[in-house]
Amino acid sequence: MSESLKQRLERIEEQINQACSHAGRKRNTVRLIGVTKNHDHSVVQSLIDSGVRDIGENRVQEILAKAPALHGDFELHMIGHLQTNKVAAVLPHIKWIQSIDRLRLIERIEYCSNKERRLNALVEVNTSGEKSKSGCPVDQCRQLCERVAASPVLQLKGLMTIGPLGGSENEVRGAFKLLRSLSENITDLCPRAELSMGMSSDFSWAIEEGATMIRIGTALVGGRS
Ligand SMILES: *Cc1c(COP(=O)(O)O)cnc(C)c1O
């Protein structure tokens with residue numbers, strides 16, 4: 001592991017610890033997802049070797065290129081928009097899908113899955129209402145969650161969102177608060193919902209607003225070309 005990666009990991013750990021103590025939470029209630037898109041296999045392996053147990057990727061092509069050669073104790077999370085025609089190829093490699101955003105995707109996963117292993121699923125919500133943003137509209141969240149909860153091949157684990165990029169602290173926290181309140185509306189389907197929210201620029205706020213998974217790329221592995 002390069003020195004700089006180690007230093008970055010230490011700095012992020014410090015910030016996570018700080019946010020946790022601010023919020024009166026234990027460190028082990030927050031899972032760090034190392035996001036390695038646009039970084040090659042060796043960077044991902046270094047992260048795994050340094051103890052990061054969860055790896056996030058947002059493109060099927062990158063997962064297919066990197067996943068087969070990775071070794072160690074880790075789980076792969078698909079965090080990006082997933083096209084239905086790529087579902088079959090990616091399923092064998094992922095343990096989590098964080099970007100369930102439409103019925104057709106659920107149906108396609110059910111069609112392609114071998115049903116031997118349930119896939120952990122988070123419903124992605126567009127909490128900022130920006131047109132360009134991925135995720136289902138807020139008013140479809142409950143319905144999609146019901147569908148995932150009823151699926152024989154998916155396991156509903158919680159909700160995911162991307163905060164408004166470049167938003168003010170109030171706007172960003174508002175999006176995270178909204179995701180949290182949506183999770184309180186699905187306790188019958190998913191009693192302890194994961195909240196995947198917070199990236200390099202806003203993960204401390206996310207932890208204070210209740211994030212159980214933070215997805216960190218740039219601050220951990222550097223900028224992407
Ligand atoms: C790239 C990405 C991240 C990580 O973003 P950084 O700002 O680099 O930390 C998190 N979540 C999703 C869905 C992403 O695509």
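The values are calculated or read from the model by the stated rules, or taken from the named source; none is laboratory data. Just so it is clear, the structure is predicted and the values come from calculations on it, not from any experiment. Cβ: placed from backbone, ideal geometry, glycine included. Neighbour counts: every protein chain shown. With ligands, DNA and RNA removed, areas are computed over all heavy atoms of the protein, side chains included. Shrake-Rupley method; radii C 1.70, N 1.55, O 1.52, S 1.80 Å.
If Rh is defined by the Kirkwood formula over all Cα pairs and Rg also comes from Cα, what ratio Rg/Rh do you get for the stretch 117-225?
Values: Rg = 13.9 Å, Rh = 14.2 Å.
Expressed as Rg/Rh, it is 0.98.
Along its principal axes, what span do the Cα atoms of the chain show, with the longest given first and each in whole Å?
45, 41, 31
Averaged per residue, what accessible surface does the chain expose to a 1.4 Å probe, in Å²?
Working: 10780 Å² over 225 residues.
Accessible area per residue, the chain: 48 Å².
Which percent of the accessible heavy-atom area of the stretch 5-221 goes to carbon and sulfur, probe 1.4 angstrom? Before the final figure, lay out each step's value.
Details: 4640 of 10140 Å².
That fraction is 46 percent.
Which whole-number percentage describes the relative contact order of the stretch 1-87, with Cα contacts under 8 Å and a sequence gap of 6 or more? Kindly include the intermediate steps, with their values, before the conclusion.
On the way: 83 pairs, mean separation 21.9, N = 87.
It rounds to 25 percent for the stretch 1-87.
Tell me the label-point distance for the pair residue 81, residue 117, using the 7 Å Cα-to-Cβ offset, in nm and rounded to one decimal.
Taking the two extended label points, one gets 2.8 nm.
Could you work out the relative contact order of the stretch 5-221? I mean the mean sequence separation of Cα pairs under 8 Å and 6+ apart, divided by the number of residues, in percent.
Rounded, it is 21 percent for the stretch 5-221.
For residue 6, go through the lysines and keep the ones whose alpha-carbon is under 27 Å away, minus same-chain ones fewer than eight residues off.
The reachable lysines, counting only those whose Cα sits under 27 Å from residue 6, are 26, 37, 66, 95.
About the Cα centre, and with charges only on the beta carbon of Lys, Arg (+1) and Asp, Glu (-1), how big is the dipole of the chain? Nearest 20 debye, please.
340 debye
Calculate, in nm to one decimal, what residue 6 and residue 169 gain on full extension: separation in residues at 0.36 nm each, minus their alpha carbon distance.
Numbers: separation 163, 0.36 × 163 = 58.68 nm, distance 2.87 nm.
Result: 55.8 nm gained on full extension.
Please give the charge dipole size of the stretch 28-100, origin at the Cα centre, charges +1 on K and R Cβ atoms and -1 on D and E Cβ atoms. Round to the nearest 20 debye. Could the numbers behind the result be given before it?
On the way: 7 positive and 7 negative charges, 42 e Å.
Rounded to the nearest 20 debye, it is 200 debye.
Could you give the nm distance between label points at residue 181 and residue 140, where each point is 7 Å from its Cα heading toward the beta carbon?
About 2.1 nm separates the two model spin labels.
Would you mind checking which residues have amide H under 5 Å from residue 58's amide H? H placed 1.01 Å from N; only 5 or more apart, or other chain.
37, 79
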